[in-house]
Amino acid sequence: MNKKKLNLFFINFWEKSYDFSQFSFIEKLLFFILVFIENIYKIIFYLVLIYKKNFLKPKQYPFKVISVGNISVGGTGKSVFVQFLVKNFSSFKCAIVMRGYKSKAEGDGKNYLIDLSTNKDILDQVGDEAVMLLNNLQCSIAVGSNRAKSCDLLDNSYYIVFLDDAYQNFLIKKDFEILLLDATRPFENGHCLPAGKLREKDISRADIIILTHADKLSADGLILLKNKLSINFDNENIFFGKHEFSGLYLWDKNFTSVEFLQNKKILAFAGIGSFDSFKNSLKDIGLKNLHFIEFQDHCNYTQQDFDNILNYYNSKNIDVLITTQKDWVKISEFFNNNIFIYVLRIEFNFLDHTDEKKFLTKLKNKLL
């Protein structure tokens, strides 16, 4: 079984584990084995955590460091939330530090600092998320598996640096820790790797918890969730947010009204951690004649992948294609203007304007 098939197997297996009664005898046996391995993982994880917290001295930088992270593998919308933060602190010189998951930069051990003047050869090294954020925000972005070395690339002219996916990072002194949890599944199936998607269960290190996709829950559901989290966390530091549609753009350039696409036959494809959210976003804006192809998260598209999309496009008489901004960064080179492909843009907002004001006030008081 290759890596791609193995990843898909675990994704499907974890999904199925929400209802244990669905498991066959063999699947139950496999799950018990994974739980045994999970217990070993948790022991090792917490021993490493104790070592890092007590014996590693985090490096301090001249700029303010804001960490955005989660406790699970897969998407909770960190990149979109980081965009929200940078836009709200645009009056300060900001930079983003990120790992560049599944990028060439992650594999080669190098660290790159990119901005609008960076040439394409370097941009090809840093991954889809970094290029997407650069295009949307026009701020400096440092990419590499070692975030401390990425921070070393930034001089003291920067006032705020946002660490993307850094809840488990102890090598950098942080001024503020923001933890994102998916409101629909804050603790997934309750298990850590490999029996579930959780890296850990400790939420106590966070200064703020943002519950993303909170618009998918009822008002009563939100109250119950907040009360449950408040047993181990300050109620005043829990906020509800949502990822909402902000536009469809032809070839990621020209804004297009949703009404123009409502009667079109659409093929939507993506390789992201929350494919269901992508599907639901398209349905929520009123698109109906939808077909979907799901790729592995952070898929590095090949000519074969493009050919598969094109074959489906032609065989099913598809009118238009839709993908995400992260996918467009990697798939755009395969397309020409003869195929109409639209890019879905998403933005983060708080459910309540009062919550947004309260959150930003807390953060600004810490930074200023």
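Laboratory data are not the source of any read-out in this text; all were calculated from the coordinates shown. Everything numeric here is computed off the predicted structure, so don't read it as measured data. Cβ coordinates were reconstructed from backbone atoms using ideal geometry, including for glycine residues, and neighbour counts include every protein chain displayed.
Solvent-free Debye calculation, one equal scatterer per alpha-carbon of region 101-173: log10 I(q)/I(0) at 0.22, 0.27 Å⁻¹ equals -1.05, -1.51. Note on the chain: Kirkwood hydrodynamic radius from all Cα pairs is 21.9 Å, rounded to one decimal. Largest first, the three principal axis extents of the alpha carbons in region 251-368 are 56, 31, 25 Å in whole numbers.
Region 75-134: which chymotrypsin sites (Phe, Trp or Tyr not before Pro) are DSSP loop and have at most 14 other beta-carbon atoms within 10 angstrom? Don't skip to the answer; put the middle values down first.
Values: sites: 81, 84, 89, 92, 101, 112; in loops: 89, 92, 101.
In loop regions of region 75-134 (DSSP not H, G, I, E or B), the sparsely surrounded chymotrypsin sites (Phe, Trp or Tyr not before Pro) are 92.
Counting only DSSP beta bridges whose two residues both lie in the chain, roughly 30 percent are antiparallel.
For region 260-326, report the translational diffusion coefficient in µm²/s to the nearest whole number, using Stokes-Einstein at 4 °C, 1.567 mPa s, and a Kirkwood Rh over Cα pairs. Intermediate results must be reported in sequence, preceding the final value.
Working: Rh = 12.4 Å.
Estimated diffusion coefficient is 105 µm²/s.
For the listed residue pairs 253/326; 228/279; 197/242; 93/149; 57/104; 52/173, the alpha carbons are over 18 angstrom apart in 228/279; 197/242; 93/149; 57/104. What would the Debye formula give as log10 I(q)/I(0) at q = 0.27 Å⁻¹ for the alpha-carbon point model of region 185-237, no solvent? Result of the Debye calculation: -1.20. When the P(r) is computed for region 15-54, the part past 16 Å accounts for 50% of the Cα-Cα pairs.
Run the helix sum for the chain: -39,500 (n - 2.57) per DSSP H stretch of 4+ residues, divided by residue count, reported at 222 nm to the nearest 500 deg cm²/dmol. Show your work: numbers first, answer last.
Values: 13 runs with 144 residues, N = 368.
Calculated mean residue ellipticity at 222 nm is -12000 deg cm²/dmol.
Restricting the trypsin sites (Lys or Arg not before Pro) of region 291-368 to loop positions (DSSP other than H, G, I, E, B) with no more than 15 neighbouring Cβ atoms within 10 Å leaves 316.
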